[in-house]
Each structure stands twice: as C-alpha cells, then as structure tokens.
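A short write-up of the structure that comes next.
The values are calculated or read from the model by the stated rules, or taken from the named source; none is laboratory data. Keep in mind the model is a prediction, meaning the values are calculated, not measured. Glycine gets a Cβ as well: all are built from the backbone with ideal geometry, and neighbour counts include every protein chain shown. Quick note on the areas: whole protein, heavy atoms, side chains included, nothing else; ligands and nucleic acids left out. Shrake-Rupley method; radii C 1.70, N 1.55, O 1.52, S 1.80 Å.
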Amino acid sequence: QVRLVETGGGLVQAGESLRLSCAASGSIFSINTMAWHRQPPGKQRELVAYITSGGTTTYKDSVKGRFTISRDNAKNTVYLQMNSLKPEDTAVYYCYSIIDGRQYWGQGTQVTVSS
C-alpha cells in the first residue's frame, strides 16, 4: 500500500522559513507529478506548486520567488522550501502525487505564521 507522509510543519513568525518534506513509501514503480496543496482556514484547498518527473516546476503566483519545490527521485521524496513566510501562508499543507497512474494524498501538516 502506497503512503505519503509529510513532515516539517510548525509555528513560525512572519519572515522566517520552513521546509516541508513528503516521502512516498510502499510498492512503487514510478512517480509522475509531485505537488503541494494547502487549505487555509475557512477556504478551499489550493495548489501551491508542482514538479513533474522531468523537473519542470509551476507555482501559485502568490508564492513565486519565496517557495521552491524540489524532489529526490532516489528517495521518492518531494520538498517545499518556504522562505519569507507571511501570515496568509497559514494553512494545512498537503502532499499530492501520481504514482503508478493513481492519485495519492498525504495526511497534511499544519503551518502557522504569526505576524
């Protein structure tokens, strides 16, 4: 059974940084897209960034220049480096991946940015 497990969330002050990690485990043949979504309090889940198997990246406009998504294919892991965090980045962050043609979500990790 494939699982995605996120780590790295927490409480920080505005302007600080956090790095999220998401490791895929289980019976895996190939991983296509890996991505991070987030759900702010009282709002819908939204795409933050994704990275293809070839390394092409795409970002939500509000995080461009502050967040960086990367992946380590040998470790089946995707990362989200978040710099210059703002209170509006407060959300539950979810890892998402397409693995062997199926979609998987992590359980979510809370990121809280205080002003």
(request) Note down all Cβ pairs under 6 Å where the first residue falls in the range 8-20 and is touching a residue at least 12 places away in the same chain (Cβ under 8 Å) and closer than 8 Å to MET82 by Cα, the second is among the polar types (S, T, N, Q) and open to solvent by 30 Å² or more (accessible area, probe 1.4 Å), and they're at least six residues apart or on different chains. (result) SER17/ASN83; ARG19/GLN81
(message) Which of the numbered conditions does LEU85 fail, given that it passes all the others? Conditions: (1) outside any strand (DSSP E or B); (2) open to solvent by 20 Å² or more (accessible area, probe 1.4 Å).
(response) (2)
(request) Scan the range 51-82 for residues that are of a type in the set (S, T, N, Q), surrounded by 19 or more Cβ atoms within 10 Å (Cβ to Cβ) and under 26 Å from SER115 (Cβ atoms) and report the count. (result) 0
(request) Kindly list the number of the only condition in (1) modelled with pLDDT of 95 or more; (2) outside any strand (DSSP E or B); (3) not hydroxyl-bearing (Ser, Thr, Tyr) that fails for PHE29. (result) (1)
(request) Using the structure shown, decide if TYR104 is open to solvent by less than 70 Å² (accessible area, probe 1.4 Å), at pLDDT 95 or above, over 11 Å from the mean Cα position of the chain (by Cα) and under 26 Å from PHE29 (Cα atoms). (result) yes
(message) Six or more apart or on different chains, Cβ atoms under 7 Å: show the pairs whose first residue is in the range 51-74 and modelled with pLDDT under 95 and whose second is polar (S, T, N, Q) and open to solvent by 70 Å² or more (accessible area, probe 1.4 Å).
(response) SER53/ASN32
(message) Which pairs turn up if I take residues in the range 26-50 that are surrounded by 12 or more Cβ atoms within 10 Å (Cβ to Cβ) and look for partners that are among the small types (Gly, Ala, Ser) and not in a strand (DSSP E or B) with beta carbon separation below 6 Å, at least 6 apart in sequence or on another chain?
(response) ASN32/SER53
